[in-house]
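Contents: one structure, followed by commentary.
The values are calculated or read from the model by the stated rules, or taken from the named source; none is laboratory data. The model shown is predicted, which means the values in this text are computed figures rather than measured ones. Every residue, glycine among them, receives a Cβ derived from its backbone with ideal geometry; neighbour counts consider all protein chains shown. When the accessible area is computed, the model is the full protein with side chains, heavy atoms only, and any ligands, DNA or RNA have been set aside. Shrake-Rupley method; radii C 1.70, N 1.55, O 1.52, S 1.80 Å.
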Amino acid sequence: FRRVLFRSILKIMKYQGSKNRHAKDLLSVILHNRKPNQYYVEPFCGGCNMIDKVEGNRIANDSHKFLIDLFESVIYKNVNLPDSITDEEYNNIKNNKSNFPSYLVGFVGFGCSYSGKWFGGYARSIKGKVRNYCDESKRNILKQSPYLKGVIFENKSYLDLDIPKDSIVYCDPPYENTTGYKSKFNHIEFWDWVRNISKKHQVFISEYNAPSDFICLWEKSVNNTLEKDTGKKKGVERLFTFNG
C-alpha cells in the first residue's frame, strides 16, 4: 500500500522551511512500507506541503493556532480570503490580532509576508515587478485545499499529540542552529521524544544533523537560507530515523 501523489506543479502556500521541492524524494522513503489504513502523522505540519501529497488516513498538527485555523477555515468552512492587503492593513492586523478572525490573521501573517515568514515584513513588488502577493497566496491555498480534505487537524504541542497505534510519523521541527523561529525549541527534549515514540511507530525526521544514535536515510545539498550566522549558502538536507 503506497499511494503518493507527486504533484510537482501544485501551487502551495508559501511557508518558511517548506519541504515542497523535496516531497517526492522524501515520501518515496517515508511511505515505502506503508500498510493499508495506516495513519500518516505530521506533528509539525507547517504549510502542509508534504501531507497534501499523501492519501489515506492523515493527521496534521501544529502548535501555531493561527496556521491551523487558517487551514481548517479554508478547507472545511469555505471562508472568503481577501484579494489584496495594503501595507497599512497588514500592520493593523499584525498589531491587533485579537480584533480579526484567526484565519485572516494566519493568512496575512504567512501568505502576505516576505518569504512566508510569520509577519516577517509586508511582501511588496520589487525591482519594478508588480506582484499581488496576497492574491497569489489566496489562489495557491485554494488550489492546495482539495488535496487536504479529510485531514484531521490538531493544534497542540507535539508532546501532547495523540498518535494512532503503529503510525508513520514524519517530523519537520525547527532546525537547530538556524534563524527564523522566534520561540525557543528544546531540541534535547525533542530527540528524547522521538526515541520514545519510535518504540511504537515508524518515525522519520528532517534536519541538517541528528544525534549519533540516528541514521541518515536520505540527503541532498540545498540552498541554505536558515543557517544562523555562518554565512553558508549551501546546506545538506537530511532524513533520519532512530537506530536504537
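Of all the numbered requirements in (1) of a type in the set (A, V, I, L, M, F, W, C); (2) free of Cβ contacts under 8 Å to residues at least 40 places away in the same chain; (3) within 23 Å of Asn155 (Cβ to Cβ), Trp118 misses one, and that requirement is (2). The set of residues in region 116-159 that are over 17 Å from Ser84 (Cα atoms), in contact with a Lys or Arg (Cβ under 8 Å, 6 or more places away or on another chain) and not aromatic (Phe, Trp, Tyr) comprises Lys143, Gln144, Gly150, Val151, Ile152, Asn155.
Across region 110-138, the number of residues qualifying as hydroxyl-bearing (Ser, Thr, Tyr) and over 17 Å from Glu88 (Cα atoms) comes to 2.
Quick grid of which residues meet (1) under 16 Å from the mean Cα position of the chain (by Cα); (2) among the hydrophobic types (A, V, I, L, M, F, W, C); (3) surrounded by 14 or more Cβ atoms within 10 Å (Cβ to Cβ):
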| site | (1), (2), (3) |
| --- | --- |
| Ala123 | no, yes, yes |
| Lys127 | no, no, no |
| Tyr133 | no, no, yes |
| Gly150 | no, no, no |
| Leu159 | no, yes, no |
| Lys184 | no, no, no |
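Residues that are farther than 21 Å from Tyr40 by Cα and either touching a Gly at 6+ places or on another chain (Cβ under 6 Å) or at pLDDT below 95 (or both) number at least 3 in the following strands (runs of 3 or more DSSP E) confined to region 147-244: 214-223, 234-242.
Just so you know, in region 109-146 the residues that are farther than 16 Å from Phe71 by Cα and among the β-branched types (Val, Ile, Thr) include one that is modelled with the lowest pLDDT, and it is Ile126. Looking across region 93-121 at every residue that is polar (S, T, N, Q) and closer than 19 Å to Asn132 by Cα, the one that is most open to solvent (accessible area, probe 1.4 Å) is identified as Ser115.
What residue, among those in region 79-108 that are among the acidic types (Asp, Glu) and in contact with a helix residue (DSSP H, G or I) (Cβ under 9 Å, 6 or more places away or on another chain), is farthest from Lys65 (Cα to Cα)?
Step one: filter region 79-108 for residues among the acidic types (Asp, Glu), giving 83, 87-89.
This time we only want the ones that are in contact with a helix residue (DSSP H, G or I) (Cβ under 9 Å, 6 or more places away or on another chain), so: 83, 89.
On the way: Asp83: 23, Glu89: 21 Å.
Looking at residues that are among the acidic types (Asp, Glu) and in contact with a helix residue (DSSP H, G or I) (Cβ under 9 Å, 6 or more places away or on another chain), I get Asp83.
Any idea which residue in region 79-110 is nearest to the chain's Cα centre (by Cα), counting only those that are among the β-branched types (Val, Ile, Thr) and part of a loop (DSSP other than H, G, I, E, B)? Residue satisfying both the conditions and the ranking: Val79. Given the options Glu72, Glu42, name the one that is in contact (Cβ under 8 Å) with a residue 60 or more places away in the chain, open to solvent by 30 Å² or more (accessible area, probe 1.4 Å), of a type in the set (Asp, Glu) and in contact with a strand residue (DSSP E or B) (Cβ under 8 Å, 6 or more places away or on another chain). Result of the check over Glu72, Glu42: Glu72.
Just one of (1) of a type in the set (S, T, N, Q); (2) in contact with a strand residue (DSSP E or B) (Cβ under 9 Å, 6 or more places away or on another chain); (3) at positive phi fails for Asn155. It is (3).
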